[in-house]
Amino acid sequence: MNRIFHIVKILLLVCSTGLVAAHAAAAENDPVLSLTSAATAALTDAANAGSPANSAAGSGQTSPAAAQWPGIPAVKYTPNADGSGEYTVTIQILAIMTVLSVLPSLLIMMTSFTRIVVVLAILRQAIGLQQTPSNQILLGLALFLSLFIMMPVFRVVNADAIQPYLAETISPQEAVERAIVPVHEFMLAQTRETDLNLFVRISGHDDITSPEETPIHILIPAFITSELKTAFQIGFLIFIPFLIIDLVVASILMAMGMMMLSPIIISLPFKIMLFVLIDGWAMIMGTLANSFGTV
């Protein structure tokens with residue numbers, strides 16, 4: 001290994017010497033290149049000689065420009081009188097950027113978004129439409145309906161955590177603790193006791209005596225499991241009338257001897273007509289909003 005290192009070093013020295021020699025020979029043959037090289041060297045020497053920073057560095061003094069720009073502390077912890085502490089603004093900004101990067105996951109896992117988007121996807125499958133409404137429309141509808149359902153929770157978070165933090169009356173840690181409380185209450189109200197007991201037993205926390213004492217990292221998977229179960233139950237009830245239409249159309253086609261004709265093609269207009277006549281979108285949106293009991 002040492003021999004290879006020395007060989008590479010020698011090759012680099014030879015190459016650099018050859019480049020300097022080639023440049024000098026070209027400068028001797030070309031007056032313009034020689035004049036340019038001399039001018040460049042003169043300007044570099046003049047800049048180095050007249051630079052205040054270099055003069056101060058040569059005299060061992062700090063230049064005034066450098067003194068005006070002190071370094072920004074990357075990590076600074078300030079203890080409070082009550083035993084807590086605060087970090088510097090740099091760390092707070094880093095924490096905010098980290099939270100923003102996981103914000104989509106928090107939106108999906110800790111709000112009503114999961115139940116809504118699953119029900120809408122099952123509804124589209126039950127009607128028999130593969131790409132209508134598109135995924136973008138379903139996601140946008142689920143997003144804004146989630147904001148509508150979660151608005152009472154967001155108001156409490158804003159009043160109890162965000163506004164006091166912006167007024168600098170509470171610390172960032174206390175703001176986070178206050179913001180978790182209404183979200184914790186919302187998820188706990190939508191979580192089945194069986195699912196909650198399952199994850200408490202898996203985690204090995206024997207010191208939890210009531211559901212209100214459940215930590216957030218245990219409550220979130222239990223909440224997601226309950227949301228998926230509820231969404232599939234609603235989807236099953238949505239599927240039944242459309243399934244009956246498919247069976248009726250298939251029986252009629254079989255009786256008429258049209259076995260080669262797909263029942264889905266014939267039943268699709270009837271399912272769309274039924275869904276429009278009963279004002280299906282309003283029923284679905286109202287049922288989903290009322291299923292959470294927050295509005």
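Points worth noting:
- Failed criterion for M151 (all others in (1) surrounded by 14 or more Cβ atoms within 10 Å (Cβ to Cβ); (2) aliphatic (A, V, I, L, M); (3) part of a helix (DSSP H, G or I) hold): (1)
- Among the candidates A121, A179, residue that is in a helix (DSSP H, G or I) and either modelled with pLDDT under 85 or under 30 Å from V249 (Cα atoms) (or both): A121
- Taking each residue of the stretch 241-252 that is closer than 13 Å to I265 by Cα and looking for partners that are part of a helix (DSSP H, G or I) and open to solvent by 80 Å² or more (accessible area, probe 1.4 Å) with beta-carbon atoms closer than 6 Å, six or more apart or interchain, yields I245/F270.
- Top-ranked residue in the stretch 175-214 [being touching a helix residue (DSSP H, G or I) at 6+ places or on another chain (Cβ under 8 Å) and of a type in the set (K, R); ranked as least open to solvent (accessible area, probe 1.4 Å)]: R192
- Only residues that are at pLDDT below 60 and surrounded by 15 or more Cβ atoms within 10 Å (Cβ to Cβ) were counted in the stretch 89-118, giving 0.
- Some residue of the stretch 213-223 being at positive phi, without any contact (Cβ under 8 Å) to a residue 24 or more places away in the chain and not in a helix (DSSP H, G or I): no
- Residue selected from the stretch 159-173 under the condition in a helix (DSSP H, G or I) and without any contact (Cβ under 8 Å) to a residue 12 or more places away in the chain, by the criterion most open to solvent (accessible area, probe 1.4 Å): L166
- Residues in the stretch 276-293 that are more than 35 Å from the chain's Cα centre (by Cα) and part of a helix (DSSP H, G or I): V276, L277.
- Residue match in the stretch 253-260 (condition: in contact with an Asp or Glu (Cβ under 6 Å, 6 or more places away or on another chain), surrounded by 15 or more Cβ atoms within 10 Å (Cβ to Cβ) and part of a helix (DSSP H, G or I)): no
- Evaluation of V75 against (1) modelled with pLDDT under 65; (2) outside any loop (DSSP other than H, G, I, E, B) (one fails), failing number: (2)
The values are calculated or read from the model by the stated rules, or taken from the named source; none is laboratory data. What you are looking at is a predicted structure, and each value in this text was computed from that prediction instead of being measured. Using ideal geometry, Cβ is built from the backbone for each residue, glycine included, and neighbour counts are taken over all protein chains shown. Each accessible area value is taken on the protein alone, full model and side chains, heavy atoms only, with ligands, DNA and RNA left out. Shrake-Rupley method; radii C 1.70, N 1.55, O 1.52, S 1.80 Å.
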